[in-house]
Amino acid sequence: MSSKVKIRNGDSVEVLTGKDAGKRGTVTRVLPAERRLIVDKVNMIKRHTKPRPAPRKAGGQGIIPGGVIEREAPLSVSNVALICPNCGKPTRIGYRINEQDGSKVRVCRKCDKDIDR
């Protein structure tokens, strides 16, 4: 399977399936090898952690406190759709070669306008 992910950091996306279906958020991290991404404030999970000593690099003798930590879990790329900045709708992504400089540009499949500026 190809690790090509058409969504980048900073893109606005809408979740299509799962418990957070319909929610919109900004992509904070893309994991192309796993075909997953992390969306801000979407797919929140709780992790129960034990207190443990801080690593030596972090400044020495501190202790990382335990407790319930809430954070975002990765979503599959197939479960989100990019929101076009022009038409505001969730869309698939196409590509076109820019005539001025020959660069590859992402294009909205609904309104046929450039996503990358």
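We did not get these values from a lab; they are worked out from the coordinates using the rules stated. The structure presented is a predicted model; accordingly, all values stated were derived computationally and were not measured. With ideal geometry, Cβ positions are generated from the backbone for all residues, glycine too; neighbour counts draw on all protein chains shown.
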Legend entry - Entries in Lys41/Lys110; Lys19/Lys113; Lys19/Lys110; Lys4/Lys41 that, when Cα-Cα distance is taken, lie over 29 Å: Lys19/Lys113
Legend entry - Rg/Rh ratio calculated on Cα atoms of segment 70-117 (Kirkwood radius): 1.10
Legend entry - Phi-based couplings in Hz for segment 87-94 (Karplus 6.51, -1.76, 1.60; Gly and Pro marked x): 9, x, 9, x, 9, 7, 10, x
Legend entry - Kirkwood Rh (inverse of mean 1/r, distinct Cα pairs), the chain, angstrom: 16.5
Legend entry - Cα lying deepest toward the dipole's positive end in the chain, options Cys87, Val15, Cys108, charges on Cβ: Val15
Legend entry - Segment Lys110-Lys19, length gained on full extension (0.36 nm per residue, minus Cα span): 30.2 nm
Legend entry - FRET efficiency estimate (nearest 0.05) - Cβ-Cβ, Thr49 to Asn86, R0 30 angstrom: 0.10
Inset, instruction - For segment 49-95, list log₁₀ I(q)/I(0) at each q in 0.13, 0.14 Å⁻¹, using the Debye formula over Cα point scatterers of equal strength and ignoring solvent, two decimals each. - result: -0.60, -0.62
Inset, instruction - Place +1 on the Cβ of every Lys and Arg and -1 on the Cβ of every Asp and Glu in segment 22-78, take the dipole about the Cα centre, and give the residue among Ile64, Leu31, Ser78 whose Cα lies farthest towards its positive end. - result: Ile64
Inset, instruction - Excluding residues on the same chain fewer than 8 positions from Lys6, give the aspartates and glutamates whose Cα lies under 15 Å from its Cα. - result: Glu14, Glu34, Asp114, Asp116
